[in-house]
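Read through the structure below, which is laid out as structure tokens, and then see the notes.
Every number here is computed from the coordinates shown, using simple stated rules; none is lab data. What you are looking at is a predicted structure, and each value in this text was computed from that prediction instead of being measured. Every residue, glycine among them, receives a Cβ derived from its backbone with ideal geometry; neighbour counts consider all protein chains shown.
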Amino acid sequence: MGELNAALVEEAAKKSSLLWLDLPGLPQPRAAWHVWHDGAAYVLTGGDGEQPLPGLPEADRVRVVLRSKDKGGRLLDFTADVEVVEPGGALWDEVAPLLAKDRLNAATHDGRLESWAEHSYVVRLTPVETVDEPVDGYAAVRPVPSPATTAGPPPRLVGSKRRRVDR
């Protein structure tokens with residue numbers, strides 16, 4: 001295991017809102033959106049419609065893969081301590097609104113924090129040490145199947161002119 005370069009981890013985590021978690025019992029790493037705050041990544045899991053990260057709240061440590069925002073490939077791996085943020089505490093009051101604000105598919109977050117407190121987990125991932133060897137199969141990881149995908153080719157625009165580069 002390598003020494004943790006906290007500045008590199010923080011810079012990579014701030015530039016990309018997506019990380020990959022090598023969760024116990026799963027055959028491949030799982031993508032998760034996160035918010036970086038005060039030296040740790042915070043993810044939301046559990047509850048209706050939230051990202052499924054089975055085993056994360058129960059884990060003591062997980063391996064995290066940060067990707068390059070430019071190329072999308074693996075940038076660095078680190079081991080992180082896992083801590084569930086308890087609803088109603090000072091850390092919850094600080095972090096939950098940040099997660100709600102950065103939630104990409106939320107039209108409004110009225111009532112969302114109360115729902116998260118009751119049905120979901122906010123998990124803090126604190127970097128401990130970098131990992132020198134890459135995660136097996138990371139390059140071949142595909143997203144988890146979801147009903148929110150588009151099947152088939154994209155729609156064509158009627159009446160639009162083709163650009164010279166499209167011919």
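Say R0 is 30 Å: what FRET efficiency, to the nearest 0.05, do Glu11 and Ala90 get from their beta-carbon distance?
In this case the efficiency is close to 0.65.
Zone of Asp38 (label point 7 Å along Cα→Cβ, backbone N under 16 Å): which residues in the stretch 69-99?
83-99
Rounded to the nearest 0.05, what FRET efficiency do Lys71 and His119 have when you use their Cβ-Cβ distance and R0 = 41 Å?
0.70
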